[in-house]
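The values are calculated or read from the model by the stated rules, or taken from the named source; none is laboratory data. Here the structure is a predicted model, which is why all the values come from computation and not from measurement. A quick note on method: Cβ atoms are made from the backbone with ideal geometry, for glycine too, and the neighbour counts reach across all protein chains shown.
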Amino acid sequence: MKGVGYLLVAVLLFSILDAIVKAATVDYSIVQVVFFRSVFAFVPLSVAVWYSGGISSLRTRRPMQHIVRGVFGLIAMGAFFTALSRGALADVVAISFSGPLFIALLARPLLGERLNGRRWLAVLIGLGGVLLIVRPGSTVFSSASLPALIGALSYSFIMVLVRRMGSTESTVTMAVFFTLFTMTASTAALPWFWSTPDVSGFALLAAAGLAGGCANLCLTEAFRTAPVGLLAPFEYTALLWGVLFGYVFWGEVPDKQMLVGAAVVIASGLVVVERPATPVSLVRPRA
């Protein structure tokens, strides 16, 4: 239950991050939001580094793989933030749940992990649920749907890579190098996208980094203290927070087809992540 508690706090913090990003991108560019998200994430990450044994704990045997992970992570974060700036909060969160389905499809060619018939069926049904949410070809299909799907697909590459790196790299090491990569990349582009924030804007941008960094630590602790099979259902509480925050702050009301599609994706995802070879987080495309 301790692990479940950490997981629920992590999901809440990620949901707060989503709402902050959606609000911040009204006045600030995605590049600037990524920059502040990365810089202030180092505050809680520094605590994790100290707890793990200091700077020496960050030694790595796979620098190039950290760079590759950083590239895909930056794409996932930028795409997901773009989707949040354009679409309804609950819709974007629901689409992000397709990540485990893409992971299952990529695990066979990249990791040699086989899916049994039951999990193949779950993937196909889950992708049908995604189509119910995004409704391609209809007027409901929004400019947020494509970047949300790109974010989920990029995230699936990250998780497959993390499975490979997990044998030698700690979670803290991967989090620090990823955050350093996104901070460096966004800093390089920042002069073309900078808008000086006022006090409230600065507080909002800083809160994004603090929320994301603390969420990562809580998520790591959750997976350290509880099995993924127990935690997976609770990760989907992110949709409840997405619906609540979307309604309270933006008056967004999800329609029935989106909710049905989300239910299908959630059910399929729970089957897909059942007894995975390594922990798979469902809520981290924007982490």
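Look at segment 165-195 and say how many of its residues are in a helix (DSSP H, G or I) and either surrounded by fewer than 15 Cβ atoms within 10 Å (Cβ to Cβ) or over 19 Å from the mean Cα position of the chain (by Cα) (or both). Steps first, please.
Filtering segment 165-195 down to residues in a helix (DSSP H, G or I) leaves 165, 171-192.
When the remaining residues are screened for being either surrounded by fewer than 15 Cβ atoms within 10 Å (Cβ to Cβ) or over 19 Å from the mean Cα position of the chain (by Cα) (or both), the result is 184, 187-192.
Of the residues in segment 165-195, 7 are in a helix (DSSP H, G or I) and either surrounded by fewer than 15 Cβ atoms within 10 Å (Cβ to Cβ) or over 19 Å from the mean Cα position of the chain (by Cα) (or both).
Of the candidates L89, L58, the single residue that is touching a Lys or Arg at 6+ places or on another chain (Cβ under 8 Å) and over 15 Å from I150 (Cα atoms) is L89.
How many residues does segment 244-265 hold that are part of a helix (DSSP H, G or I) and either more than 16 Å from L127 (Cβ to Cβ) or free of Cβ contacts under 8 Å to residues at least 60 places away in the same chain (or both)?
Within segment 244-265, the first condition is being part of a helix (DSSP H, G or I), and the residues that meet it are 244-250, 256-265.
Restricting the remaining residues to those that are either more than 16 Å from L127 (Cβ to Cβ) or free of Cβ contacts under 8 Å to residues at least 60 places away in the same chain (or both) gives 244-250, 256, 259.
Adding up the residues that qualify gives 9.
As a summary of the residue check, V71 satisfies the conditions (1) modelled with pLDDT of 90 or more; (2) surrounded by 19 or more Cβ atoms within 10 Å (Cβ to Cβ) except for the one numbered (2).
Got at least one residue in segment 239-246 being among the β-branched types (V, I, T), at pLDDT 85 or above and within 18 Å of the chain's Cα centre (by Cα)? Checked against the condition, which is being among the β-branched types (V, I, T), at pLDDT 85 or above and within 18 Å of the chain's Cα centre (by Cα), segment 239-246 yields at least one hit.
Residue by residue through segment 9-34, note down the ones that are surrounded by fewer than 21 Cβ atoms within 10 Å (Cβ to Cβ), among the aliphatic types (A, V, I, L, M) and in contact with a Phe, Trp or Tyr (Cβ under 6 Å, 6 or more places away or on another chain). Of everything in segment 9-34, just one residue is surrounded by fewer than 21 Cβ atoms within 10 Å (Cβ to Cβ), among the aliphatic types (A, V, I, L, M) and in contact with a Phe, Trp or Tyr (Cβ under 6 Å, 6 or more places away or on another chain), namely V31.
Considering segment 212-226 alone, what residues qualify as being more than 13 Å from the chain's Cα centre (by Cα), assigned to a helix (DSSP H, G or I) and of a type outside the set (S, T, Y)? C214, L217, C218, E221, A222, F223, R224 - these are the residues of segment 212-226 that are more than 13 Å from the chain's Cα centre (by Cα), assigned to a helix (DSSP H, G or I) and of a type outside the set (S, T, Y). Scanning segment 141-164 for residues that are part of a helix (DSSP H, G or I) and more than 13 Å from A76 (Cβ to Cβ) turns up S145, L146, R163, R164. Looking across R86, R37, R59, one residue alone is surrounded by fewer than 19 Cβ atoms within 10 Å (Cβ to Cβ) and within 18 Å of the chain's Cα centre (by Cα). It is R86.
So is F102 modelled with pLDDT under 85, surrounded by 24 or more Cβ atoms within 10 Å (Cβ to Cβ) and either within 16 Å of the chain's Cα centre (by Cα) or among the hydrophobic types (A, V, I, L, M, F, W, C) (or both) or not? Against the criterion (modelled with pLDDT under 85, surrounded by 24 or more Cβ atoms within 10 Å (Cβ to Cβ) and either within 16 Å of the chain's Cα centre (by Cα) or among the hydrophobic types (A, V, I, L, M, F, W, C) (or both)), F102 does not qualify.
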